[in-house]
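The values are calculated or read from the model by the stated rules, or taken from the named source; none is laboratory data. What you are looking at is a predicted structure, and each value in this text was computed from that prediction instead of being measured. Don't worry about glycine lacking a Cβ; one is built from the backbone with ideal geometry, like all the others, and counts go over all protein chains shown.
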Amino acid sequence: MPVDKSTRAASIDRMGDVMREFMARAVLFQDAVARFGGINSTDMQAVGLLMSQGPATPGELAERTGLTAGGAITAVIDRLERAGYVTRERDVADRRRVIVTAVPETVMAKVGPIYGRVGARWAEYLETLTDEQIEFANELLARAAELNREETEALRRA
């Protein structure tokens with residue numbers, strides 16, 4: 001049976017509201033986690049990118065985070081190194097390059113329990129869903145992340 005157009009429009013409007021709420025809550029959650037871990041949100045995101053995408057040169061990390069102005073990335077790396085979240089080492093293949101690497105033990109000690117608790121709560125909820133619902137949710141969130149990445153890049157170019 002086809003969905004009534006007014007019901008569909010209302011559902012689409014609600015999706016916009018839900019996504020705005022989700023994104024706001026995600027940003028606020030990440031900020032709270034960062035503060036709990038003794039760093040700021042930007043620095044926490046830099047650590048997260050190093051954890052998920054691997055070690056990087058300062059220039060590569062600047063590109064990943066969008067912190068390309070002046071010495072902004074150097075200040076981030078300095079703060080993270082002081083807090084024990086990252087190490088800076090010379091590249092063994094090219095001594096002129098510096099490689100920044102996340103310290104997983106520090107990340108896990110300082111904020112791991114928070115993410116573990118949230119992960120456990122999500123796992124509990126996901127157990128109530130069908131395989132098809134989980135696949136749809138994965139697709140929806142992956143597409144939302146891709147759209148956010150694309151729009152972030154467009155804003156940086158503007």
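Summary of values
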| item | result |
| --- | --- |
| Arg88 vs. criteria in a loop (DSSP other than H, G, I, E, B) and of a type in the set (Lys, Arg) | no |
| Only one of Ile39, Ile73, Ile99 that is surrounded by 15 or more Cβ atoms within 10 Å (Cβ to Cβ), free of Cβ contacts under 8 Å to residues at least 40 places away in the same chain and of a type in the set (A, V, I, L, M) | Ile73 |
| Residue in region 26-36 that is under 21 Å from Leu141 (Cα atoms), at pLDDT 95 or above, in a helix (DSSP H, G or I) and over 14 Å from the mean Cα position of the chain (by Cα) present | no |
| Number of positions in region 42-70 that are among the hydrophobic types (A, V, I, L, M, F, W, C), under 16 Å from Thr152 (Cβ atoms) and surrounded by fewer than 19 Cβ atoms within 10 Å (Cβ to Cβ) | 2 |
| Subset of region 56-81 (residues that are small (Gly, Ala, Ser) and modelled with pLDDT under 90) | Gly66, Ala69, Gly70, Gly71 |
| Options Val107, Val100, Val118; residue that is modelled with pLDDT of 95 or more and touching a Leu at 6+ places or on another chain (Cβ under 7 Å) | Val100 |
| Extreme residue, farthest from Ala26 (Cα to Cα), among residues of region 110-147 that are exposed (fewer than 10 other Cβ atoms within 10 Å of the Cβ) and of a type in the set (S, T, N, Q) | Thr130 |
| Residue within region 67-79 that is in contact with an Asp or Glu (Cβ under 7 Å, 6 or more places away or on another chain) and more than 30 Å from Ile12 (Cβ to Cβ) present | yes |
| Index of the failed condition, Asp13 passing every other in (1) surrounded by 11 or more Cβ atoms within 10 Å (Cβ to Cβ); (2) modelled with pLDDT under 95; (3) not in a loop (DSSP other than H, G, I, E, B) | (1) |
